[in-house]
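Worksheet: the structure to be examined is printed underneath.
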Protein chains: 2
Amino acid sequence: MARATKKKTSEAPEKTTRIQEINRRLILDAALDVFSTYGFRGTTIDQIADKAGMSKPNLLYYFPRKQNIYVTLLEETLEEWLAPLAEIDPEGDPIEQLRKYITVKIRMSESHPEASRLFANEVLHGAPAISEFLSKHLKPLVDDKAAVIRRWVGEGKLAPVDPYHLIFMIWATTQHYADFDVQVRAIMGNQVGRPGFREQTAQAVLSIILNGIRPRL
Amino acid sequence: MARATKKKTSEAPEKTTRIQEINRRLILDAALDVFSTYGFRGTTIDQIADKAGMSKPNLLYYFPRKQNIYVTLLEETLEEWLAPLAEIDPEGDPIEQLRKYITVKIRMSESHPEASRLFANEVLHGAPAISEFLSKHLKPLVDDKAAVIRRWVGEGKLAPVDPYHLIFMIWATTQHYADFDVQVRAIMGNQVGRPGFREQTAQAVLSIILNGIRPRL
DNA sequence: CTGCATTTTGACCAACTAGTCAAGTTTTTG
DNA sequence: CAAAAACTTGACTAGTTGGTCAAAATGCAG
């Protein structure tokens, strides 16, 4: 990670000015748009600078390398992306907890599709920039929640199911609507934009998954 | 689409020589590897030429534009990718037909992950090269099968479920294991390579989806 | 084995792009 | 309000990459 600015005396404090805060945000917002559409290699610094409304050298004043923008963006996104999983309550009602998790994920997929695509693209290409994050942060969290789900299964509160595959299935299904949006639109056409579409999607997904894991008599 | 070679007399026949056949195959195989890993923009012609064991100008003799290789590859892939959906038998047993479809898709995801990633990457970036294919070929086929599933639901052979969302869920879940392989590996570690992994995956996916759509009393 | 068509390649070019730099402008601060 | 710090940018460079070209090598039909 690069130091943002050099101060006269060499310290760590790193105070950020008002202008820095504004411009970094401007850059990151523009970059999310562009990176999520064209991927890392497909994106040029000029595109981001244009969209952020500033000159390329100025952009590079805030983020000395293209990589810096990309990595910052991914880190920001992952944090937010994982939060709902962490909030699954081991003491709550299993079906209810999973219903909430799936619902939140579908909502995120609709409200921040770019974030989903940014992440999908990175993983698709082998996750060169975040493989450490995956093993150091994601894995432990998933292991933790998988254990909870396994306990639920043991207690007969869920049908016997591999917790990891269940989690993957939830991720795959919910993110599909953001990542493969073009395909969904090609098939379902005008329906996609319509008001109740998200609810209809949530309903269908919840119905299949929850009935699929409800304890069977 | 570009004409491959010009013949002395201007005709259509387009005969392909032995060498052409060999080299085109060599190029396409190499290109699938590289494109699926780095995406269209992230791939250089030199990389493909290297992997195919020939010089860049020679490669360009067979495919005058980088685009040509990419599009050819996508078309080849899509054909194969869609076949299993077409094979769903409207007269068969619903649960059995869907079990077969899911099983085949998981097998394909494991045996040709590059093809899945190539396609995923293209759709993720807005499907610029295949949007026509999506609306002209994919949509009609899906509409057709959705109608079959809807009829099954009407006949009480499946629980009430939106057929389109069911199909999306099957695609999302099965392709997840190819497209997000790195993530799956980061979480499940050594298990992924192990012999029975595909069967375990298939078992989990089938169990949730099929129980999720089995008619309820 | 000869002459024509096909295949192969080294050398090259033009366009693009990440990143630099030095000189200016604006903002902050004492 | 002046000086210092922070910010901004036009012009530039070096490296990369898609694609060209002309000439050489190879394959093949008669």
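The values are calculated or read from the model by the stated rules, or taken from the named source; none is laboratory data. Remember, it's a predicted structure, so these values are computed and weren't measured experimentally. Positions of Cβ are generated from backbone atoms using ideal geometry, with glycine treated the same way; all protein chains shown enter the neighbour counts. To get the accessible areas, we keep the full protein, side chains included, count just its heavy atoms, and leave off ligands, DNA and RNA. Shrake-Rupley method; radii C 1.70, N 1.55, O 1.52, S 1.80 Å.
Just for the stretch A:205-217: of the residues that are without any contact (Cβ under 8 Å) to a residue 40 or more places away in the chain and open to solvent by 10 Å² or more (accessible area, probe 1.4 Å), which one is nearest to the other protein chains (Cβ to nearest Cβ)? Talk me through it step by step, then tell me what you get.
Initially, the stretch A:205-217 is screened for residues without any contact (Cβ under 8 Å) to a residue 40 or more places away in the chain, giving A:207-208, A:211, A:217.
Imposing the further condition that a residue be open to solvent by 10 Å² or more (accessible area, probe 1.4 Å) reduces the set to A:207, A:211, A:217.
Working: A:207: 6, A:211: 5, A:217: 10 Å.
It comes out as A:211.
Could we say that residue A:17 is more than 8 Å from DNA strand D (Cβ to nearest atom) and either within 14 Å of chain B (Cβ to nearest Cβ) or open to solvent by less than 80 Å² (accessible area, probe 1.4 Å) (or both) here? Quick ask: steps written out before the conclusion?
On the way: more than 8 Å from DNA strand D (Cβ to nearest atom): no; either within 14 Å of chain B (Cβ to nearest Cβ) or open to solvent by less than 80 Å² (accessible area, probe 1.4 Å) (or both): yes.
Judged against the criteria, residue A:17 is not a match.
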Search result, residues across the stretch B:126-137 that are of a type outside the set (Ser, Thr, Tyr) and surrounded by fewer than 17 Cβ atoms within 10 Å (Cβ to Cβ): B:126, B:128, B:129, B:132, B:136, B:137
Any hit, the stretch A:124-140, residues being facing chain B (nearest Cβ under 8 Å) and in contact with an Asp or Glu (Cβ under 9 Å, 6 or more places away or on another chain): yes
Per-region count, the stretch B:55-67, residues surrounded by fewer than 18 Cβ atoms within 10 Å (Cβ to Cβ), near DNA strand C (Cβ under 8 Å from one of its atoms) and not aromatic (Phe, Trp, Tyr): 5
Positions within the stretch B:68-125 being outside any helix (DSSP H, G or I) and open to solvent by less than 30 Å² (accessible area, probe 1.4 Å), in sequence order: B:88, B:92
Residue count for the stretch B:38-67, restricted to those that are away from chain A (no Cβ under 14 Å), within 12 Å of DNA strand D (Cβ to nearest atom), in a loop (DSSP other than H, G, I, E, B) and in contact with a helix residue (DSSP H, G or I) (Cβ under 8 Å, 6 or more places away or on another chain): 2
Residues located in the stretch B:68-107, provided they are within 16 Å of DNA strand D (Cβ to nearest atom) and either modelled with pLDDT under 95 or in contact with a Lys or Arg (Cβ under 8 Å, 6 or more places away or on another chain) (or both): none
Any hit, the stretch B:174-193, residues being more than 8 Å from chain A (Cβ to nearest Cβ), surrounded by 21 or more Cβ atoms within 10 Å (Cβ to Cβ) and assigned to a helix (DSSP H, G or I): yes
Criterion: of a type outside the set (Ser, Thr, Tyr) and at positive phi - qualifying residue of B:212, B:156: B:156
Residues of the stretch B:101-138 classified as over 28 Å from residue A:123 (Cα atoms) and without any contact (Cβ under 8 Å) to a residue 12 or more places away in the chain, total: 1
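How about the stretch B:152-172: which of its residues are within 17 Å of residue B:95 (Cβ to Cβ) and open to solvent by 30 Å² or more (accessible area, probe 1.4 Å)? Write out each step before concluding.
The first filter runs over the stretch B:152-172 and keeps only residues within 17 Å of residue B:95 (Cβ to Cβ), leaving B:152-161, B:163, B:166-167, B:169-170.
Across the stretch B:152-172, the qualifying residues are B:153, B:154, B:155, B:156, B:157, B:160.
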